[in-house]
Amino acid sequence: DGKRAAAFTIADNSYMGMLSASWIDLEKPSQITKSEMTILPNGGMHLPETSEKGDISFTNRKIDIGFYNDGVSRRLHLRYPHFRKDDTFWADIRLSETPKDSMVIMTPYADDPKAFYYNQKINCLKAAGTVRIGSDLYEFKDNAYAVLDWGRGVWTYSNTWYWSSASGEIDGHRFGFNLGYGFGDTSAASENMLFYDGCAHKLEDVTFEIPKKDDGSDDFMSSWSFGSSDGRFEASFTPVIDRASDTNVLVIRSDQHQVFGTFTGKAVLNDGKVIIMKDFPGFAEKVRNRW
């Protein structure tokens, strides 16, 4: 909602399962991310075959998490003991008013003909519900939005991707975008799209310009710039907080920088209408994985 954000993940990566939750306070700013791993689920988590319906839940002594979908709305449930020291993270959030259009792409890999990624991202879902961490209670109401990232695939071992997403309202109209590239062969199609009142507007290639520090490493907390090859998306991104994590266990590594902040710039719809963004909340990330 521009002040706070939550993120929940259920993943079955064949030899490793991941249950994860994040709480991001954009006003302080501060963030907490915790994850639980399972060994060799090999499909045993029974993820639904489609994003349109079906439930997935996982419970053990460390976490109770579930995504429930009745075909009309989605309910996100979480009980995560000892999330913030001794405080339990409780969440009950409903996602509704699914837009007509979403981003769906099948991405091949040029270096492995058996590898692929089938991905759907649904922007601009209305979000409403409550979050409680210890004695602190938070509510998501009318101005809260969500994005669903749903995917299936067989990936190559080492990948780096860039992804950015935002959902909200501008001048009373529901607006959002999905931008991404970096892994797989996207020469035939990309996942870059604008969404306006439920309809998708396709963009060409988009680049993320992340500033560099003196030592050549990425300076994630300085202002980024975004541009599309068709000139229809131009924006600066002002970071507020970097939800950074680096998991390194034997042959598995995931180095993540998911940066939350605000976008200022312009986006042009298919009919030429110009959408002006000013301090529009969203996130942008760079992730490097070996798994």
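Per-residue answers, yes or no, for (1) closer than 30 Å to LEU194 by Cα; (2) acidic (Asp, Glu); (3) surrounded by 16 or more Cβ atoms within 10 Å (Cβ to Cβ):
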{"site": "SER51", "(1), (2), (3)": "yes, no, yes"}
{"site": "ARG61", "(1), (2), (3)": "no, no, no"}
{"site": "ALA91", "(1), (2), (3)": "yes, no, yes"}
{"site": "SER96", "(1), (2), (3)": "yes, no, no"}
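Among the strands (runs of 3 or more DSSP E) lying completely within segment 1-83, list those that include at least 3 residues that are free of Cβ contacts under 8 Å to residues at least 24 places away in the same chain and more than 27 Å from ASP279 (Cβ to Cβ). Can you show your working first?
On the way: elements: 4-12, 16-25, 30-39, 56-59, 64-69.
Of the strands (runs of 3 or more DSSP E) lying wholly inside segment 1-83, those with at least 3 residues that are free of Cβ contacts under 8 Å to residues at least 24 places away in the same chain and more than 27 Å from ASP279 (Cβ to Cβ) span 64-69.
Filter segment 232-261 for residues that are touching a Leu at 6+ places or on another chain (Cβ under 9 Å) and either acidic (Asp, Glu) or closer than 15 Å to ALA5 by Cα (or both); which is surrounded by the fewest Cβ atoms within 10 Å (Cβ to Cβ)?
From segment 232-261, those touching a Leu at 6+ places or on another chain (Cβ under 9 Å) are 232-233, 240-241, 260-261; that's our starting set.
Restricting the remaining residues to those that are either acidic (Asp, Glu) or closer than 15 Å to ALA5 by Cα (or both) gives 240-241, 260-261.
Working: VAL240: 18, ILE241: 20, PHE260: 25, GLY261: 24.
Among residues in segment 232-261 that are touching a Leu at 6+ places or on another chain (Cβ under 9 Å) and either acidic (Asp, Glu) or closer than 15 Å to ALA5 by Cα (or both), the one surrounded by the fewest Cβ atoms within 10 Å (Cβ to Cβ) is VAL240.
Which one of ASP92, ASP70, ASP111 is farther than 30 Å from HIS201 by Cβ, of a type outside the set (A, V, I, L, M, F, W, C), out of contact with any helix residue (DSSP H, G or I) (no Cβ under 8 Å at 6 or more places or on another chain) and at pLDDT below 95?
Values: ASP92 fails: at pLDDT below 95; ASP70 fails: farther than 30 Å from HIS201 by Cβ.
Testing whether each residue is farther than 30 Å from HIS201 by Cβ, of a type outside the set (A, V, I, L, M, F, W, C), out of contact with any helix residue (DSSP H, G or I) (no Cβ under 8 Å at 6 or more places or on another chain) and at pLDDT below 95 leaves just ASP111.
Based on this model, can you work out whether LEU179 counts as part of a strand (DSSP E or B), on the phi < 0 side of the Ramachandran plot and in contact with a His (Cβ under 6 Å, 6 or more places away or on another chain)? Can you show your working first?
Working: part of a strand (DSSP E or B): yes; on the phi < 0 side of the Ramachandran plot: yes; in contact with a His (Cβ under 6 Å, 6 or more places away or on another chain): no.
Here the answer is no, as LEU179 does not meet what is asked.
Quick check on segment 206-217. Is at least one of its residues in contact (Cβ under 8 Å) with a residue 60 or more places away in the chain and closer than 27 Å to ASN289 by Cβ? Spell out how you get there, then give the answer.
Taking segment 206-217 and keeping what is in contact (Cβ under 8 Å) with a residue 60 or more places away in the chain, we get 208, 210.
Still in the list and also closer than 27 Å to ASN289 by Cβ: 208, 210.
Yes, the conditions are met somewhere in segment 206-217.
Do we have GLY180 as crowded, with 17+ Cβ neighbours inside 10 Å and free of Cβ contacts under 8 Å to residues at least 60 places away in the same chain here? Before you say what the answer is, go through the steps one by one.
Numbers: crowded, with 17+ Cβ neighbours inside 10 Å: yes; free of Cβ contacts under 8 Å to residues at least 60 places away in the same chain: yes.
Considered against the rule, which asks whether it is crowded, with 17+ Cβ neighbours inside 10 Å and free of Cβ contacts under 8 Å to residues at least 60 places away in the same chain, GLY180 comes out as yes.
Could you give every pair whose Cβ atoms fall below 8 Å, whose first residue belongs to segment 249-271 and is part of a loop (DSSP other than H, G, I, E, B), and whose second residue is aromatic (Phe, Trp, Tyr) and crowded, with 16+ Cβ neighbours inside 10 Å, counting only separations of at least 6 or pairs across chains?
Qualifying pairs under 8 Å: VAL251/TRP291; LEU269/TYR196.
The values are calculated or read from the model by the stated rules, or taken from the named source; none is laboratory data. Note that this is a predicted model, so its numbers are computed, not measured. Every residue, glycine as well, gets a Cβ built from its backbone with ideal geometry; the counts of neighbours run over all protein chains shown.
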